[in-house]
Amino acid sequence: MTMFAIGVDLGGTNLRIAAVDSGGRMLEKITLGTKVVRGRETVIHDMCSSIQALVERFGSSAGQLSGIGIGVPGIIEMQTGMLRESPNLPGWSDYPVREEIERRLGTRVVLENDANAAALGEKWLGAAAEVDDMCMITLGTGVGGGLVLGGRVFHGMRGMAGELGHINVDPDGPPCGCGSNGCLEQYASATAIKRMAMEAIASGAAPELERAMSEDPEFSSKGVYQMAVQGDAPAREIFGKAGRALGIVIADLINIFNLPMYVIGGGVSSAWEAFAPAIFEQVRRNSFVYRATAPPEQTGGMPATNVQDPACRHTVITRALLGSDAGLFGAARLPMMAQHDAAKATLQDLKRA
Ligand SMILES: [Zn+2]
C-alpha cells in the first residue's frame, strides 16, 4: 500500500507545508508567510489548516497517512516535544509545540530541528543518498547543522546535538546570538556576509561595495556574491573568510567522525564557487584525516565513488542538491521512519510471544 506524509518547514520568514509520498515524490507544496509578528497562535492555526487541507486532498489518492513531521528552528527537547529556545521565533521558548499540534490535528506529530530535517532530506533523496553517514551544514540567516549516522539523525542526549553553526572558529571573534564569540555562524551565514561587507565599507577599503550598497537599499549577501564574481577583491576576501571558517569546522568534524560525506546547503551555498576553494585549502591544512582520505584532485561537486567498498571510500565535501526543499523532504521522512520502527517493534513482539 502506498503511503504519504506531511512535511512542514517552519522558518523565520516562510512557513512551508508539503505532501510527500513514500517514494519521495512531492505531491503538493504550500508556501505561507510565517507572520511571526502576529504570534504563534496565528502561525499554528495557519499551519494546521494547511495540513488538514493536504490530508483531505491526498487521503484517498496517495494512500495512508504516515503522520506529520515538522522542522523547527531552534533547540528542541525530543522527549517532550518542547521548543526550548528559538532565536528566529520570538515568544516560542518553552512552548509544547508537538503536544499543541497533536491536540489540534488528532494525529501523530514528529518534531525535529530544521537543520537536522534538511540533513535527513539530503540523505534520503539528495547529495548523500548513497551513504549511510553524513553531516550537513546549512548556511542561511544563521548556520544550522545536522548529523545523520547509520541513516538516522543523531540526537545526542536530549535532541540538541548537531549545532554546528556554533562551533568556535575564533574565541576573540564577533559576539554570537548564542552567547559565545566567533562561532561559525558569525562568518558563514548570510547575516555575517552582510556584516563583513559593512565592516569593509566602514574601514574605507571597499569603494565598489560601498557604491553597490548605496545604489541598492536591499543590498544583501547576494550582492556581495555578485561583486565577488565580478572580481572585487574585498568581496572575494569576505567569501574567503567564510570558506576558511567552514574549512576549520569541517576539518574538526572530519577528525572527529571520519564520515564519507559533508554537505553544504542553504541559501548562501549558491555562492559555492566563491567560498569552496578556501574550504578545501583550509581542510587540507587542518585535517590529516582529510589528507589521508581526500579524493584525487577534489574541486567540489564530486560524487562519492565506490561507496560499497570501504577501502576505496573518500571524504567528499559537496553542495546540497535539494535546495530549500531539503527540510520539507526530511520532515516528511520522519513520520515514515517512525511508523516503520513501530511496525518492526510489533513484529519482534509477535515473534517473541
Ligand atoms: Zn554561536
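The values are calculated or read from the model by the stated rules, or taken from the named source; none is laboratory data. Note that the structure is a prediction, hence the values are computed from the model and not measured. Note: ideal-geometry Cβ built from the backbone for every residue, glycine included; neighbour counts use all protein chains shown.
Within segment 95-131, track down each residue that is closer than 30 Å to Tyr187 by Cβ and without any contact (Cβ under 8 Å) to a residue 24 or more places away in the chain.
Passing the criteria: only Ala129.
Is there a residue being in contact (Cβ under 8 Å) with a residue 40 or more places away in the chain and either more than 14 Å from the ligand (Cβ to nearest atom) or not in a helix (DSSP H, G or I) (or both) anywhere in segment 226-234?
So the first thing to find is which residues in segment 226-234 are in contact (Cβ under 8 Å) with a residue 40 or more places away in the chain, and the list is 228-229.
If we keep only those that are either more than 14 Å from the ligand (Cβ to nearest atom) or not in a helix (DSSP H, G or I) (or both) as well, we get 228-229.
Yes: segment 226-234 contains one or more residues that are in contact (Cβ under 8 Å) with a residue 40 or more places away in the chain and either more than 14 Å from the ligand (Cβ to nearest atom) or not in a helix (DSSP H, G or I) (or both).
Looking at segment 215-225 only, could you name the residues that are among the hydrophobic types (A, V, I, L, M, F, W, C) and in a helix (DSSP H, G or I)?
Val224, the sole residue that qualifies.
Being surrounded by fewer than 23 Cβ atoms within 10 Å (Cβ to Cβ), within 14 Å of the ligand (Cβ to nearest atom) and under 21 Å from Leu328 (Cβ atoms) narrows it down to one of Thr191, Thr107, Thr141, so name that one.
Values: Thr191 fails: under 21 Å from Leu328 (Cβ atoms); Thr107 fails: within 14 Å of the ligand (Cβ to nearest atom).
Exactly one of Thr191, Thr107, Thr141 is surrounded by fewer than 23 Cβ atoms within 10 Å (Cβ to Cβ), within 14 Å of the ligand (Cβ to nearest atom) and under 21 Å from Leu328 (Cβ atoms), namely Thr141.
Give me the pairs, please: first residue somewhere in segment 156-172 and acidic (Asp, Glu) and assigned to a loop (DSSP other than H, G, I, E, B), second residue anywhere and surrounded by 14 or more Cβ atoms within 10 Å (Cβ to Cβ) and modelled with pLDDT of 95 or more, beta-carbon distance under 7 Å, and either six or more positions apart or on two chains.
Glu163/Gly145; Asp170/Gly182; Asp172/Asn181; Asp172/Gly182
Just checking, which of Gly146, Gly177 is within 16 Å of the ligand (Cβ to nearest atom) and either touching a helix residue (DSSP H, G or I) at 6+ places or on another chain (Cβ under 9 Å) or part of a strand (DSSP E or B) (or both)?
Just a single option satisfies the conditions, and that option is Gly177.
Please tell me if Gly267 is under 15 Å from Gly145 (Cα atoms) and modelled with pLDDT under 95.
Values: under 15 Å from Gly145 (Cα atoms): yes; modelled with pLDDT under 95: yes.
Yes; evaluated as a whole, the condition is true for this residue.
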